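Peer 1: My structure is below; once you've seen it, I'll send some questions.
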Amino acid sequence: MGRILGAKLVELIVVLAVVSLVSFAMLSLVPGDNPELRMLGDSATPEAVADLRAELGLDDPFPQRYGRWLGDVLQGDLGRSTTSNQDVTAIIAERLPITLQLAAMSLAIGLLFAVPLGVISAWRAGGWIDRIVTSTSFAVLSLPSFLIAIVLIIVFAVRLRVLPAAPAWVPLTEDPITNLRNLILPVTAMALGEIAVLTRVLRSDMIDVLQLDYIQTARAKGMPTRFVLLRHALPAALLSMLTLVGLQVAGAMTGAVVIEQIFGLPGLGRTLLLAILSRDLVVVQGLVLVIAGAYVVVNSLVDLAYRLVDPRIRRAS
Amino acid sequence: MRAEPTNEVDEPVAPDHPRRGSAAGTLGTLFWLAVAWLVLVVATAVFAGLLPLPDPTRISPGRKYLPIGSDGHLLGTDQLGRDILARVAEGARISMFISLLTVAVGITVGGVVGTTVGYVGGRIEKAAMALVNMALSFPSLILLLGVIAFAGQSLRNIVLVFCVLAIPGYIRFARASTLTLKERDWVLASRMIGAKDRRIVFRVLLPDVLVTLITFGLLAIGAVIVAEGVIAFLGVGVPPPTATWGQMIADGQRDFDDDVIHTALIPATAMFLTILSLNLVGDGLRRRLQVREAQI
């Protein structure tokens, strides 16, 4: 196990290094568009530009500049926005809670619905509940979250007028009721897809587990169905779904980009998009680094957790 | 079910596939409805220029927000008075072009590289798979947005980025299929009679690997359509005046204030039906060919 841990750690560090290299290269390879030079304005003389370039070390070779940038990043300095002159780290700290709340709530709701739906439809596989659940989840999987969001807005905001289409952001700590009410539509749009994916995976694993000998034994001994389903079968069937949940945590970070844009929520995703559209490249670079880095780290943790939890994999390796 | 190896040792007849023509009626009505919709979309995409439709970019402010079924505008007009049917047709063209090209490039390049690497094995395989795993551990939407931000929005850049993002997945898939195939009798027999490596890769392994990749590819087309829809919706897709489904939906969302919903709902429905149909057909074909998901 220790060897796998070491190998995984090396792999993680290599991937993170590549992520940082890509983020850095994106900005530094764009010719003539260096954000710091824009601070001088259009009327700058060539000498002033040359002085500033030398002072900022922009003429140094690529590895040297990368090393310096990486040093800053590791100390938490991601540079400053060229449009608002705000610290990129501060921007991220301010917007991250919004994205995290959105991702956490949609996953929690996804699990809340997926577990009972998956268990019931596997238990009565082929029955009417199962047929409805299976075909609905198949249809939902063909609906990208932004289409679900549009339909929800049409129904609940445009037609019924019961929920806001573009809610103002109110932090949970300030006014929990307004915060949750405003998040009903965005969270539903994200959660429906989660429910569909998780239900499908849990259902198919449950069906496999229910065929196993030990379940037959438990039934033969006359254990109550509920006990067999929830205490014997469910834990064994949960594994792949939990791995998927882990991957969804990472996926939700990027999925939130679209949902935040539709509902005008000022999270990381919308910030990234606005930065792209206003060509605020320092912010783009910082956000790509942070989001991609978080995604990679979460995925590795999930992979490790999976190996730790599942005795079958542990033995095989 | 397995076809017995014939005399042509190096070109076996699709070994693991059920006999063609059996169970013809089991695909179901839904499958054929999905096929019909896809045929309609592809035909519209191919013949959009020949159809008697108005110019999708022609603006007529006096005729904006015409409802569905208006005279001369079957699906109505949008916020600038442009014909929605013509724009949906052009959107189909863009979606189909980008997704088919991406998947075709992915299957070809990924198939050849994955099969070769899987067959050769050893250090080359290890190195290639390390690269592939690294590429796959990147969040693709973020990478896509980042690259487009720096490289600029254009059809060419979008297709390029999509292809680059698609290839690693196919390499992994093709390698996995190759590993299971290369120990089979007929492959060993080809080696025994002295067939050259190149012949084994291209004539023996690749045809079977490609069949697997193509069934997977149908589902992948849907995924590319979603990805293209997302970036167009976010305003970083193929730039206007070209109509794309994602961008039409984004424009339509702004009409909600005027209580107009059909401008967003029509392209959204077109997109949903297309993805649903691709999933239905892909799923049906995959079951038919018994390609197990576990192989991915």
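Peer 1: When the label point is put 7 Å from the Cα of A:ASN179 along its Cα-to-beta-carbon vector, which residues of the stretch A:212-253 have a backbone N closer than 20 Å?
Peer 2: Only A:253 fall inside the zone, counting backbone N under 20 Å.
Peer 1: Over what distance in Å are the Cα centres of the stretch B:111-161 and the stretch A:87-109 separated?
Peer 2: Between the Cα centres of the stretch B:111-161 and the stretch A:87-109 lies a distance of 28 Å.
Peer 1: Another question, then. Compute for chain A: radius of gyration divided by Kirkwood radius, i.e. Rg/Rh, restricted to C-alpha atoms, rounded to two decimals.
Peer 2: On the way: Rg = 24.6 Å, Rh = 22.8 Å.
Using Cα coordinates only, the ratio equals 1.08.
Peer 1: Accessible area lost on pairing A with B, both sides, 1.4 Å probe, Å² to nearest 100? Spell out each step's value before the answer.
Peer 2: Numbers: alone 17530 and 15910 Å², together 30040 Å².
So the buried area, both faces added, is about 3400 Å².
Peer 1: Would you mind checking the tilt of helix B:84-120 against the longest principal axis of the Cα atoms of chain B, expressed as 0 to 90 degrees and rounded to 10?
Peer 2: 20
Peer 1: Note down the relative contact order for chain A as a percent, whole number, built from C-alpha pairs under 8 angstrom at least six residues apart. Each step should come with its number before you reach the end.
Peer 2: Numbers: 321 pairs, mean separation 83.6, N = 317.
Dividing the mean separation by the residue count of chain A yields 26 percent.
Peer 1: Now a separate question. Which value, in debye to the nearest 20, describes the size of the charge dipole of the stretch A:170-255 about its Cα centre when Lys and Arg Cβ atoms bear +1, Asp and Glu Cβ atoms bear -1, and nothing else is charged?
Peer 2: 420
Peer 1: Any idea of the accessible area per residue across the stretch B:39-159, 1.4 Å probe, to the nearest Å²? It would help to have the intermediate numbers written out before the result.
Peer 2: Details: 5640 Å² over 121 residues.
Ligands and nucleic acids excluded, the figure is 47 Å² per residue.
Peer 1: If you filter the stretch A:209-298 for trypsin sites (Lys or Arg not before Pro), then keep DSSP loop positions with at most 14 other Cβ within 10 Å, what is left? Each step should come with its number before you reach the end.
Peer 2: Values: sites: A:ARG219, A:LYS221, A:ARG226, A:ARG231, A:ARG270, A:ARG279; in loops: A:LYS221, A:ARG279.
Counting only loop positions with at most 14 other Cβ atoms within 10 Å, the trypsin sites (Lys or Arg not before Pro) in the stretch A:209-298 are A:LYS221.
Peer 1: Hey, what number do you get for chain B at 222 nm if only DSSP H runs of n ≥ 4 count, each worth -39500 (n - 2.57), divided across all residues, to the nearest 500? Mind showing how you got there, number by number?
Peer 2: Details: 9 runs with 185 residues, N = 296.
It lands at -21500 deg cm²/dmol.
Peer 1: Grab the eigenvalues of the alpha-carbon gyration tensor for the protein assembly as shown, scale each by 5, take roots, and send me the semi-axes largest first in whole angstrom.
Peer 2: Details: eigenvalues 311, 216, 173 Å².
Values for the protein assembly as shown, descending: 39, 33, 29 Å.
Peer 1: While we're on this one: Which positions within the stretch B:141-175 get 50 Å² or more of their accessible surface covered by the other protein chains, compared to the chain by itself, with a 1.4 angstrom probe?
Peer 2: The answer is B:ILE142, B:LEU145, B:ALA149, B:PHE150.
Peer 1: Hey, rough spin-label estimate for A:GLU94 and B:ASP71, points 7 angstrom out along Cα→Cβ, what's it come to in nanometres?
Peer 2: In this crude label model, A:GLU94 to B:ASP71 measures out at 5.5 nm.
Peer 1: Sticking with this structure for a sec: Compute the separation of the alpha-carbon centres of the stretch B:207-271 and the stretch B:57-84 and state it in Å as a whole number.
Peer 2: Centre-to-centre (Cα) distance: 21 Å.
Peer 1: Which residues make up the longest stretch of chain B that has no GluC sites (Glu not before Pro) in a DSSP loop with at most 11 other Cβ atoms within 10 Å?
Peer 2: On the way: sites that count: B:GLU8, B:GLU183.
The reported range is B:9-182.
Peer 1: Still on this structure: Mind giving me the FRET efficiency for A:ALA17 and B:LEU101? R0 is 25 Å, r the Cβ-Cβ distance, nearest 0.05 is fine.
Peer 2: Numbers: r = 32 Å, r/R0 = 1.29.
Rounded to the nearest 0.05, the efficiency is 0.20.
Peer 1: Projected onto the charge dipole of the stretch B:155-238 (+1 at Lys/Arg Cβ, -1 at Asp/Glu Cβ, origin at the Cα centre), which of B:ILE193, B:VAL159, B:THR212 gives the Cα projection farthest towards the positive end?
Peer 2: The one lying farthest along the dipole's positive direction is B:ILE193.
Peer 1: Heads up, I need the accessible area for B:THR44: 1.4 angstrom probe, whole protein in place, Å², nearest 10.
Peer 2: 30
Peer 1: Based on the Cβ-Cβ distance from B:VAL46 to B:LEU131, what FRET efficiency comes out when R0 is 35 Å, to the nearest 0.05? Walk me through the numbers before you get to the answer.
Peer 2: Values: r = 37 Å, r/R0 = 1.05.
It comes to 0.45.
Peer 1: Per-residue accessible area for A:ARG124 at 1.4 Å probe radius, Å² rounded to 10?
Peer 2: Approximately 130 Å² for this residue.
Peer 1: Now for a different question. With each label point set 7 Å from Cα along the Cα-Cβ vector, what nm distance links A:LEU301 and A:ASP213?
Peer 2: 3.9
Peer 1: Tell me which chymotrypsin sites (Phe, Trp or Tyr not before Pro) from the stretch B:100-168 have a DSSP coil assignment and no more than 15 other beta carbons within 10 Å of their own. Don't jump to the answer; show the numbers that get you there.
Peer 2: Working: sites: B:TYR119, B:PHE150, B:PHE162; in loops: none.
Sites meeting the loop and neighbour criteria: none at all.
Peer 1: Could you give the angle, 0 to 90 degrees to the nearest 10, between helix B:28-47's Cα long axis and the longest principal axis of the Cα atoms of chain B?
Peer 2: Between helix and principal axis, roughly 70 degrees.
Peer 1: Show me the helices of chain A, taken as full DSSP H stretches, that run 30 Å or more along their long axis by Cα and average 0.0 or above in Kyte-Doolittle hydropathy.
Peer 2: Values: long enough: A:2-28 (39 Å, 1.93); A:88-123 (51 Å, 1.66); A:176-210 (44 Å, 0.95); A:234-263 (39 Å, 1.62); A:281-309 (41 Å, 1.91).
Helix filter hits for chain A: A:2-28, A:88-123, A:176-210, A:234-263, A:281-309.
Peer 1: Also, I was wondering about something else. Could you calculate the FRET efficiency of B:ARG156 with A:PHE113 from 1/(1 + (r/R0)^6), where r is the beta carbon distance between them and R0 is 45 Å, rounded to 0.05? Walk me through the numbers before you get to the answer.
Peer 2: Working: r = 43 Å, r/R0 = 0.95.
Computed FRET efficiency for B:ARG156 and A:PHE113 comes out at 0.60.
Peer 1: Measure nothing but the geometry: give the 0 to 90° angle between the long axis through the Cα atoms of B:245-254 and the longest principal axis through the Cα atoms of chain B, rounded to 10°.
Peer 2: Around 30 degrees separate the two axes.
The values are calculated or read from the model by the stated rules, or taken from the named source; none is laboratory data. Fair warning: this is a prediction, and the values are worked out from it, not measured in the lab. FYI the Cβ positions are ideal-geometry reconstructions off the backbone, even for glycines, and counts take in every protein chain you see. These accessible areas exclude ligands, DNA and RNA; they are computed on the full protein's heavy atoms, side chains included. Shrake-Rupley method; radii C 1.70, N 1.55, O 1.52, S 1.80 Å.
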